[in-house]
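Undergrad: Dropping the structure in here first, questions after.
The numbers here are math on the coordinates, done by the rules we state, and not lab data. Treat the numbers as computed from the prediction; the structure is a model and nothing was measured. All Cβ positions, glycine included, derive from the backbone under ideal geometry; neighbour counts span all protein chains shown.
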Amino acid sequence: MATSVPLLAILGLAKAGFAFQSTEAALKAQHYEIRVEGYLRNNWSDWFEGLAVSHEEDAKGEPVRTVLSGTMDQAMLHGILMRICSLSLPLVSVCRVDVAGQTDEKP
């Protein structure tokens, strides 16, 4: 009978200090904020799987970044990032946001 071995263990990366999540933890949906340079109208929400579309403005009040936010699992996150890539939008940051609204990761 075959046993599954995490890829990081096979590559020896686990011993090098790289951490990895169990499959169950990786599949859990979490809230993310994805920032891209430029302005996308709110009607792009449908193309981005229903994520909320908002904007960040500069000092003059002009929109300079688009923020896509919502709850998604890893598969959906990767799909959204592929769509951003296909539009050639410059990616600014991807942040996982906890329930209280504090970001777990810095851009």
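Undergrad: In nm, give the distance between the simple-model label positions of ASP46 and SER93, each being 7 Å from the Cα along the Cα-to-Cβ direction.
TA: 3.1
Undergrad: What does the convex hull of the alpha-carbon atoms of the range 28-97 project to on average, in nm²?
TA: 4.5
Undergrad: Shifting gears a bit: Could you go through the range 47-64 in sequence order and give the Karplus-derived ³J(HN,Hα) for each residue, using 6.51 cos²θ - 1.76 cosθ + 1.60 with θ = phi - 60°, rounded to whole Hz, and x for Gly and Pro?
TA: Computed from phi, the couplings for the range 47-64 are 5, 9, 6, x, 5, 5, 10, 9, 9, 10, 10, 7, 4, 7, x, 8, x, 10 Hz.
Undergrad: In what sequence do TYR32, TYR39 fall when counting other Cβ within 10 Å, fewest first?
TA: Starting with the residue having the fewest Cβ neighbours, the order is TYR39, TYR32.
Undergrad: Between ASP73 and residues 5 or more places away or on another chain, which pairs have amide H atoms under 5 Å apart, with H built 1.01 Å from N, and which residues are they?
TA: Those qualifying (amide H under 5 Å, at least 5 residues apart or on another chain) are GLN30.
Undergrad: Give the long-range amide H neighbours of SER93: residues separated by 5 or more places, or on another chain, with amide H under 5 Å away, using H modelled in the peptide plane at 1.01 Å from N.
TA: Those lying under 5 Å, H to H, from SER93 are ARG35.
Undergrad: About its Cα centre, what dipole magnitude does the range 28-97 give when the only charges are +1 on Lys and Arg Cβ and -1 on Asp and Glu Cβ, stated in debye to the nearest 20?
TA: For the range 28-97, the charge dipole is close to 160 debye.
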